[in-house]
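The values are calculated or read from the model by the stated rules, or taken from the named source; none is laboratory data. Everything quoted here is computed from the prediction, not taken from an experiment. Here Cβ is always computed from backbone atoms with ideal geometry, including for glycine, and neighbour counts include all displayed protein chains. Only protein heavy atoms, including side chains, enter the accessible area calculation; ligands, DNA and RNA are left aside. Shrake-Rupley method; radii C 1.70, N 1.55, O 1.52, S 1.80 Å.
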Amino acid sequence: MSSNNLRAKAMGWGLLALVRMLTGAQARWYGCPPKAEQRIYFANHQSHADLVMIWAALPEELRSITRPIAAKDYWTKSDFKRWITTAVFNAVYVERERKEGEDPLQPLIEALEHGDSLIIFPEGTRGHAEEPQPFKAGLYNLAQRFPHVVLVPAWIDNIQRVMPKGEVVPVPILCSVTFGEPVQLREGEDRKEFLERARQAVIALRDV
Amino acid sequence: MNRFLRSLTATEQVAALFIIVFGILTIASVTAFLLSLRQRGAARDERWHAELKNFRRLLSTSWFMVVVFWIGWAAGPAVANILFALISFFALREFITLSPTRRGDHRSLVLAFFIVLPIQFWLVATRHFDLFTVFIPVYVFLAIPVVSAFSGDTQRFLERNAKLQWGIVVCVYGLSHVPALMLLEFRDYEGKGAFLVFFLVLVVQACMLLQHLLTRHLERKASIPAISSSFNWYSWLLGMVLGSFVGAVLSFITPFRTWQAVIMAFVACVAGSMGHLVMKALKRDRGVTAWGQRGISVTGANGLLDRVDALCFAAPIFFHSVRWYSGA
């Protein structure tokens, strides 16, 4: 094992310990068991820590094959940010600004073709409302293109209380990630209908 | 037997006590295991099944507590302190999780978890007992609303602060008195603080357990049905009497005379059982039956507050009674 690899491992353990200490990082599997099949986990987005939360809640053997999405402009700004997203999280970079003639989903498509699982937040930005904002089209496009990939809704609970916007010190509050029953794209279902159904599947997990 | 025990050093006596307790627990666990094997053959009724499950849960709680105390004692007061600081941290985490806070409380929460809690346990470790007893009720109580006021959020201001202060008192102030007991110094009783902790925990646990069994078998009408479907004054009183009796039996491990031990045990039992009742009322108000994430445990850190709530209330009252009335 190279020293960089070792450092990434240590960083990963450190982060896991920190997240568990602060939030408990509980996974509640309701609609499906934790299973090593190709999946897209899609969840509500309320905090910077959401990604780390799902990552920490997954069992170790799934963590290594599941890749989160990171905004390229922000997470490649410094060497440290770049290192932590690539070496520790093995993240997929996406462009937030849409450029001419480029599909923003391209990196996700490549990762899925490669056989990886993904963690995505279809709201795009963080919401402050009680309920998640309407989902963006990406989830629908991926579902269409990769019908064999299992779409698992997830609800992240309480994490916005750990570190509200504008604060730097997190406080310990128990959080959980509830994983629900997989959603499938129905025959002839249109985009709007599917996205709303997927959103409802996420919201429904709040009260499980 | 008694003479033999007295001839041992303090350390050897504590060790002997732990060996006895571990022995009793092992026998109980083996019995429970054998019982669970037997029932597979014969089809027993549901009630028996539930009873055994309940018993095993109580056993696992007892194992957990005894192992914690044993580690605390074996590794010395410093480690015991850290251990109780951690328990206090996790208990407060559970408490705050179920008492919704607002954004404006964030700084107060940071203060509670990362400043108040470590200072309180540091005061215990360094035996600053005079400051230790007033630090939270005087200084922190005034500091918390000040920090909350800085956030500029006035909505339900009193309620929010009261919640946080209450959490700190139960989870930090209450629990920090357990390691403090270990460090109390009596004349002719050096190095035996672990016995006092043991006395407190054993008496309170025994009283809670007896009360639980009594309510089950006597089946009296609930006295405060809005809070507990089982609590009634008759079995409560019996529990207190039996708890005090356990205290009398254990008086040989304490610096007290028998009658003093009975009074101390009675005080601890009343404080513990009333505390348990208060925490039940809080849980009822939040609409849950157990602390932690809706009672569903995955990480194992959950429901800690359910196990230590009686101790949170009994420890400070016991500590101050011991200190003031015995001049330690």
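Quick notes
- Taking a ≥ b ≥ c as the square roots of the eigenvalues of the alpha carbon gyration tensor, the range B:85-243 is oblate, as a/c is not under 1.5 and a/b does not beat b/c.
- Phi-derived couplings, Karplus 6.51 cos²θ - 1.76 cosθ + 1.60 at θ = phi - 60°, listed residue by residue for the range B:111-120: 4, 5, 6, 9, 10, 5, 4, x, 5, 4 Hz, with x used for Gly and Pro.
- The region of chain B that goes longest without hitting one of the GluC sites (Glu not before Pro) in a DSSP loop, each with at most 14 other Cβ atoms within 10 Å, is B:1-184.
- Computed over protein heavy atoms with a 1.4 Å probe, the accessible surface of the protein assembly as shown works out to 50 Å² per residue.
- For the range B:1-158, alpha-carbon Rg over 2.2 N^0.38 Å: 1.52
- Length-normalised contact order of chain B in % [C-alpha pairs under 8 Å, at least 6 apart]: 18
- Counting only DSSP H runs of at least 4 residues, each contributing -39500 (n - 2.57), and dividing by the residue count of chain B, the helix-based mean residue ellipticity at 222 nm comes to -24000 deg cm²/dmol.
- Shape category assigned to the range B:106-147 from the gyration tensor of Cα positions, a/c cut at 1.5: oblate
- Gain upon complete extension [A:E187, A:E102; 0.36 nm per residue less C-alpha separation]: 27.8 nm
- Distance in nm between pseudo-label sites at B:F4 and A:E196 (7 Å out along the Cβ direction from Cα): 8.1
- From phi via Karplus (6.51, -1.76, 1.60), per-residue ³J(HN,Hα) for the range B:168-182 in Hz, x at Gly/Pro: 5, 5, 5, 7, 9, 4, x, 5, 5, 6, 5, x, 4, 4, 5
- Estimated FRET transfer efficiency when R0 is 22 angstrom, pair B:I115-B:D153 (beta carbons, to 0.05): 0.60
- Whole-Hz couplings from phi, Karplus 6.51/-1.76/1.60, listed for the range A:167-174; x for Gly and Pro: 9, 10, 9, x, 10, x, 9, 5
- Stokes-Einstein D in µm²/s, Kirkwood radius over Cα pairs - chain B at 37 °C with 0.692 mPa s viscosity: 155
- Carbon plus sulfur fraction of accessible area for chain B, probe 1.4 Å, in percent: 66
- Restricted to Cα atoms, the range B:91-169 shows a radius of gyration and a Dmax of 12.7, 39 angstrom.
- Over all projection directions, the Cα-based convex hull of chain A averages an area of 12.2 nm².
- Taking only protein heavy atoms and a 1.4 Å probe, the accessible area of the range A:1-103 is 55% carbon and sulfur.
- Compactness of the range B:181-276 was expressed as the Cα radius of gyration divided by 2.2 N^0.38 Å, which yields 1.19.
- Hull volume per residue, based on the alpha-carbon atoms of the protein assembly as shown and their convex hull, is 213 Å³.
- Taking amide H positions as modeled 1.01 Å from N, with prolines and chain starts lacking one, the residues under 5 Å from A:I40 and 5 or more places away or on another chain are A:L118, A:V150, A:L151, A:V152.
- Within the range A:103-175, the proportion of C-alpha pairs whose separation exceeds 20 Å stands at 45%.
- Expected-Rg normalisation [2.2 N^0.38 Å, Cα atoms] applied to the range A:3-79: 1.19
- Seen through its C-alpha gyration tensor, with square-root eigenvalues sorted a ≥ b ≥ c, the range A:85-208 comes out oblate because a/c lies at 1.5 or above while a/b is not bigger than b/c.
- Inter-centroid distance (Cα atoms) of the range B:53-83 relative to the range A:70-135, Å: 45
- Drop in accessible area of at least 50 Å² in the complex versus isolated chain, residues of the range A:26-73, 1.4 Å probe: A:Q26, A:R28
- Simple label model, 7 Å out from Cα along Cβ direction - B:H128 to A:N5, nm: 4.9
- Distance between modelled label sites at B:A50 and A:R126, nm, 7 Å Cα→Cβ extension: 4.6
- For the set A:K136/A:K165; A:K81/A:K192; A:K99/A:K192; A:K81/A:K165; B:K221/B:K280, the pairs lying more than 26 angstrom apart at their alpha carbons are A:K81/A:K192.
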